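These notes are about the structure you will find just below.
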Amino acid sequence: MAVDFTTILIVEDEPAIVELVTFALRGAGWNTVAVSTTAAAWDFIQHRTPQLILLDWMLPDQSGLRLLSRIRNDRQMQEIPVIMLTAKTMEEDKIAGLDNGADDYVTKPFSPRELTARIKALLRRKSPEHAQSLMKAGDVTLDPISCSVSLSDQKIEIGHAEFKLLKFFLAHPDRVFSRTQLLDKVWGDHVVIEERTVDVHVLRLRKALKEAEHLIRTVRSVGYMLSEK
C-alpha cells in the first residue's frame, strides 16, 4: 500500500464532528480525509495507508469496533495507529475498544486541543518517522511541516523520494535496514520497485547532503543506516 505521511482518516458520520475534527487537525498541519461508513474506510485504506485513523464506534453500516478488528487482523494494516472517538463512555466500552486493538480512546464531547495532543503523542510513540518536530543529525536538519532539509542552516534541494528516505533514517538512527525493509517502510510493499532502486536513491540522498553524506552508511551485505558515530 502507498504510504501517505500526512493523512489522517476520519471515520465519522456526524457532519458537525467531522467539521470540528477536520478544522483542528488541519490547524495542526495534517491533511484529513473523512468517510462516514466502515465500507468507505476499508476501501480507502486498501489504496492508501493513512498516518492514523480516528474511528467512531457507532456507524451506519456496522460498528467501528468490527472495522478495528478487521484492521488488526490484516498483516499489512495492523500497525496503523487507531484512536476510537465515540459517545460510548462506559468503562466496559473503553475496555472493549482497547482490547480490540485501539491505541487510545477519546469520548465525546471532547477537547480538540486534547485530541490533537493525543494524536501527536501516539504518532511519536508508534511512528517516529511521522513526528512533526524538527529532526536532526550532525549539521542536517529536516522540517516535516515545511518538507524542507537544511545543511548548516542553509536549505538544500532534495527529491521527494530522498526526503522520505532521509526522514525515515533520522527517525531510526544507528539502525541498519536492508533494501527490502526500506522498500517496505519507505515506499510501501505494494510498490513494484527493484531493490537496486534503493541504491540509486541512497546515492542521490548522499549527493544532496553534500559534505554530510558520511551520515548515510553502507553496511556491507546488509543494507544502510544513518549514524553520527
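Mean separation of Cα pairs under 8 Å and 6 or more residues apart, divided by the residue count, gives segment 135-226 a relative contact order of 31 percent. Axis angle, to the nearest 10 degrees, between helix 160-171 and the longest C-alpha principal axis of the chain: 80 degrees. Simple rule: put +1 on each Lys or Arg Cβ and -1 on each Asp or Glu Cβ in the chain, find the dipole, and look at C147, W30, W57; the Cα lying farthest toward the positive end is C147.
When the helix-only estimate is applied to the chain (DSSP H runs of n ≥ 4, each -39,500 (n - 2.57), divided by the residue count), what is the mean residue ellipticity at 222 nm, nearest 500 deg cm²/dmol? Here the helix-only value at 222 nm equals -11500 deg cm²/dmol.
Let me check I've understood the local charge: for K94, count other residues with C-beta under 11 angstrom from its C-beta, Lys and Arg +1, Asp and Glu -1. What total comes out?
Once all neighbours under 11 Å are counted, the net charge is -4.
Around the Cα centre of segment 135-226, unit charges on the Cβ atoms of Lys, Arg, Asp and Glu (plus for the first two, minus for the last two) sum to a dipole of about 120 debye. Between 0 and 90 degrees, the angle of helix 195-209 with respect to the longest Cα principal axis of the chain falls at about 70 degrees. Quarter the surface of the alpha carbon convex hull of segment 82-147 and you get the mean projected area, 5.5 square nanometres. Modelled spin-label separation between K126 and E91, with each label point placed 7 Å from Cα along the Cα-to-Cβ direction: 2.6 nm. Amide H contacts under 5 Å for Q62: T38, restricted to partners 5 or more places along the chain or on a different chain, H placed in the peptide plane at 1.01 Å from N. Spin-label model, D74 to S111: label points 7 Å out along the Cα-to-beta-carbon direction sit 3.4 nm apart.
By DSSP, what percent of the beta bridges with both residues in the chain are antiparallel, rounded to the nearest 5?
45
The charge dipole of segment 2-130, taken about its Cα centre with unit charges on the Cβ atoms of Lys, Arg (+1), Asp and Glu (-1) only, comes to about 400 debye.
Grouping the Cα pair distances of the chain into 5 Å bins from zero gives a pair-distance distribution of 1, 6, 14, 17, 17, 14, 11, 9, 6, 4, 1, 0 percent in increasing distance order. Close amide H contacts of G101 (hydrogens built in the peptide plane, cut-off under 5 Å, sequence separation of 5 or more or a different chain): none are found. In the chain, Cα pairs under 8 Å separated by at least six residues give a relative contact order of 15 percent.
At full extension, A16 and S178 could sit 53.8 nm farther apart than now, given 0.36 nm per residue minus the alpha carbon distance. Here the relative contact order of segment 45-111, from alpha carbon pairs under 8 Å that lie six or more residues apart, stands at 33 percent.
Only the coordinates and a few stated rules stand behind these numbers; no lab work does. Source: prediction; values computed, not measured. Note that we place each Cβ from the backbone using ideal geometry, even for glycine, and neighbour counts take in every protein chain shown.
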